[in-house]
Structures are given as structure tokens and as C-alpha cells.
Amino acid sequence: MRLLIFGSPAVAVPFLEACLRAGHEVAAVVTQPDKPAGRGLVLKPPAVKEAALRLGLRVLQPERPSSLVSELSAAAADLAVVVAYGRILKPDLLAATRLGFMNAHFSLLPEYRGQRVRFGAGPAIAPQGMGGSRHGQGRLSGRAAAAVPRAPRRAPHSLGSPGGGPQEGL
């Protein structure tokens, strides 16, 4: 299957790698622009960009994702996989692939989805799911459970690893 991958932080990298291991072709990886970091405000690329470049994949970093509609439509991807991309995707972009978008959630509970997620504030076991979407609504197509430590305020890397993240065959 020909895929587009949308993601930015390190927790999204195992999903990218799992898609490649499963034999899918990645037409492009879409990630947020490099951002200033540290005291010197040196531009730092997102972890997904670093991984995609290491894997020899095409990387797109738009300021506004909707500016890519025609380019992504021309990529003729079957499906887009979104993992912690960090931007809202508008309906015209969601229509750019043949089968739509799959969004990996690190919680099956609505109150723990999206930008409201605060690791350490929710349940000790975080169910995770993959759901299809054309307009942010879709049925769940797969799920797994992973232990979530109480202390971190960011997504533990274990959520993005097999058994605690992308499941083979999803």
C-alpha cells in the first residue's frame, strides 16, 4: 500500500518504521517545521524528520498542512497514517488519499485524546487505537494496551513500540 505518514515527535518514529517493515511504500513523510530549541535557539528538526531522512524518504514540512493538498493528491497515496502530528487537518486535506486517514490515538477514552492528553493524569493502563477518519470521526480498527508510568508529562516512548504502539498488520 502506498502511504503518507504525518508525525513529528519521537513517539511517532516506530509507527513509520513499522509501516516500512510491513512492506508499505511511503510516498512522503509530513512533519512540522524545524523549531528553535535550547538557549541558543538553534533550529532542531522533529524526530520523525531525522528518521525519514535516515531512511531515505521524502520529507515535507509545511507551515500550513492545507497548502499541500494538490501535492499530496498528486502523490496518489492509498492511505495516510497520522501519529502525533500536532496540527489540525482540514477536510480538503483528508480527501487527498484514496482511502482516507488513519489516526493513531494513545488513548481510547475521548477525555484522554488529542491535545488534552496528560500522561500521568490518566489510567495506569492506556488503551490505544487506530481509527479511520475523513472528518475527525471514524470507527476503531485496532487496539492494544500499554502500561503508562505515572510521572511523565510526555508520551512514553514505549507507546510507540510494538506491543505498546503500532501493531503489525494494522
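Residues that are within 18 Å of PRO14 (Cβ to Cβ), at pLDDT 90 or above and not small (Gly, Ala, Ser) within segment 80-104 comprise VAL81, VAL82, VAL83, TYR85, listed in sequence order. Of all residues in segment 76-104, those that are crowded, with 18+ Cβ neighbours inside 10 Å and assigned to a loop (DSSP other than H, G, I, E, B) total 6. A residue that is modelled with pLDDT of 85 or more, on the phi > 0 side of the Ramachandran plot and open to solvent by less than 80 Å² (accessible area, probe 1.4 Å) occurs nowhere in segment 105-125. Strands (runs of 3 or more DSSP E) fully within segment 1-73 that include at least 1 residues being closer than 18 Å to GLY100 by Cα: 2-7, 25-30.
Exactly one residue out of LEU16, LEU41 is open to solvent by 60 Å² or more (accessible area, probe 1.4 Å) and out of contact with any His (no Cβ under 7 Å at 6 or more places or on another chain): that is LEU41.
Here is a yes/no grid of residues against (1) open to solvent by 20 Å² or more (accessible area, probe 1.4 Å); (2) aliphatic (A, V, I, L, M); (3) closer than 16 Å to TYR85 by Cα:
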{"site": "ALA12", "(1), (2), (3)": "no, yes, yes"}
{"site": "ALA37", "(1), (2), (3)": "yes, yes, no"}
{"site": "VAL48", "(1), (2), (3)": "no, yes, yes"}
{"site": "PRO62", "(1), (2), (3)": "no, no, yes"}
{"site": "SER67", "(1), (2), (3)": "yes, no, yes"}
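The values are calculated or read from the model by the stated rules, or taken from the named source; none is laboratory data. What you are looking at is a predicted structure, and each value in this text was computed from that prediction instead of being measured. Glycine gets a Cβ as well: all are built from the backbone with ideal geometry, and neighbour counts include every protein chain shown. Accessible surface areas use protein heavy atoms only, side chains included; no ligands, DNA or RNA. Shrake-Rupley method; radii C 1.70, N 1.55, O 1.52, S 1.80 Å.
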